[in-house]
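Undergrad: Structure incoming, see below.
Coordinate-derived values only; no laboratory data. Since the model is a prediction, treat every value here as computed from it, not as a measurement. Ideal geometry is used to build each Cβ from the backbone, glycine not excepted, and the neighbour counts take in all protein chains shown.
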Amino acid sequence: MSPYLGSIVGYPIPVFALTLDIGLLAGLALTGSLAAQRGIALHRVFDAALLILLAALAGSRAWYVVEHWNDYAPTPLATLAVWEGGLALPGGVLSAALASGRAARIARVPFATLVDAGAIGAALGQAIGRLGCVPAGCAAGKVVSELWLGAPSLRLPDAAGVVSARFPSQLVEAACELLLAVVLWLAWRARPRGGAVAWAYLVGYGLIRLAAEPLRA
């Protein structure tokens, strides 16, 4: 299983980057559509989303660098080379949450509506983006011999490209995140108190992450 889809004029096309982009666009489209249903202009939603995504990128990179500081200590400037990979979703979620209030004020959109719609889009985007980890080996599952008897397995690579019979953690996480997006969307339709959907997303994502960690290599 190759982590690359092919190449264009000599530059490889990572599957992970492609699925991440598709997930990002799908999440933005869903967020914009939901916010428009509540009377918010699309250009204002996307203005806020841009600021939040920049914060998420910085937070994801910072979290990853802190976790792997020994790799970056000899050449600290390498921390800026985001195009080489190295992002951690918890940092992105945390920094996006912290930046959303300021982004809502700058873009002049209702904060509660923005974060509720954005939470549903984020869950969908994560579900799609997580699929890119299958060929890339990021968030790879443990070898099944390290888990319980009869644990489901697929022959998948880890980040080093070592293929083994592993628990399909990326597929399970993607399915859970997609289910979370559906649950959040149903909650949105019920028109709960402003901000409730966003809080449900944070709790849901946290539970998924906690459950997934013991199953990852």
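Undergrad: Ala112 to Arg209: FRET efficiency via 1/(1 + (r/R0)^6), r the Cβ-Cβ distance, R0 30 Å, to the nearest 0.05?
TA: Working: r = 24 Å, r/R0 = 0.81.
Approximately 0.80, to the nearest 0.05.
Undergrad: By count of other Cβ within 10 Å, fewest leading, how are His68, His43 ordered?
TA: Details: His68 13, His43 10.
So the ranking, lowest neighbour count to highest, is His43, His68.
Undergrad: Please rank Arg191, Arg166, fewest neighbouring Cβ atoms within 10 Å first, as an exposure proxy. Present the calculation step by step, with values, prior to reporting the outcome.
TA: Numbers: Arg191 11, Arg166 28.
Going from least to most buried by this count: Arg191, Arg166.
Undergrad: Return, ordered by residue number, the residues of the range 37-53 whose backbone nitrogen is under 16 Å from a label point located 7 Å along Cα→Cβ of Arg191.
TA: The answer is 37-40, whose backbone nitrogens lie closer than 16 Å to the label point.
Undergrad: Regarding the range 115-217, what are the three Cα extents along the principal axes, ordered largest first, in Å?
TA: Sorted from largest, the Cα extents of the range 115-217 read 46, 25, 15 Å.
Undergrad: Show me the chymotrypsin sites (Phe, Trp or Tyr not before Pro) within the range 125-211 that DSSP assigns to loop and that have at most 13 other Cβ atoms within 10 Å of their Cβ.
TA: Trp148
Undergrad: Right, something else. Please determine, in degrees from 0 to 90 and to the nearest 10, the orientation of helix 42-67 with respect to the longest principal axis defined by the Cα atoms of the chain, where the helix direction is its Cα long axis.
TA: Orientation of helix 42-67: about 30 degrees from the principal axis.
Undergrad: May I ask you to derive the relative contact order of the chain, considering only C-alpha pairs under 8 Å and at least 6 residues apart, and to give it as an integer percent?
TA: Numbers: 332 pairs, mean separation 49.1, N = 217.
Contact order relative to length: 23 percent.
Undergrad: Extending each Cα 7 Å along its Cβ direction at Leu42 and Asn70, get the distance between those two points in nm, one decimal.
TA: With each label point 7 Å from Cα toward Cβ, the separation is 4.9 nm.
Undergrad: Taking the 0 to 90 degree range and rounding to the nearest ten, how far is the long axis of helix 15-37 tilted relative to the main principal axis of the chain, both from C-alpha atoms?
TA: It works out to around 20 degrees.
Undergrad: What residues have an amide H closer than 5 Å to that of Leu5, excluding those fewer than 5 places away on the same chain, when H is modeled at 1.01 Å from N in the peptide plane?
TA: So Leu5 has HN proximity to Ile13, Val15.
Undergrad: Still on this structure, I have one more. Taking Cβ-Cβ under 4.7 Å as the only way to count a partner, pick out the unpartnered cysteines of the chain.
TA: Unpaired cysteines in the chain: Cys176.
Undergrad: Here's another thing I want to ask about it. With axes computed from alpha carbons, what is the tilt in degrees of helix 169-189 against the longest principal axis of the chain, rounded to the nearest 10 within 0 to 90?
TA: Once rounded, one gets 10 degrees.
Undergrad: Calculate one ³J(HN,Hα) per residue across the range 152-160 by plugging θ = phi - 60° into the Karplus curve 6.51 cos²θ - 1.76 cosθ + 1.60, and present them in order as whole Hz with x for glycine and proline.
TA: x, 8, 9, 7, 9, x, 9, 5, 8
Undergrad: Averaging over every viewing direction, what projected area does the convex hull of the Cα atoms of the chain cover, in nm²? Don't skip to the answer; put the middle values down first.
TA: Numbers: hull surface 53.8 nm².
The Cα convex hull of the chain, projected and averaged over all directions, gives 13.5 nm².
Undergrad: If you put +1 on each Lys and Arg Cβ and -1 on each Asp and Glu Cβ, how big is the dipole of the chain around its Cα centre, in Debye rounded to 20?
TA: Dipole magnitude for the chain comes out near 740 debye.
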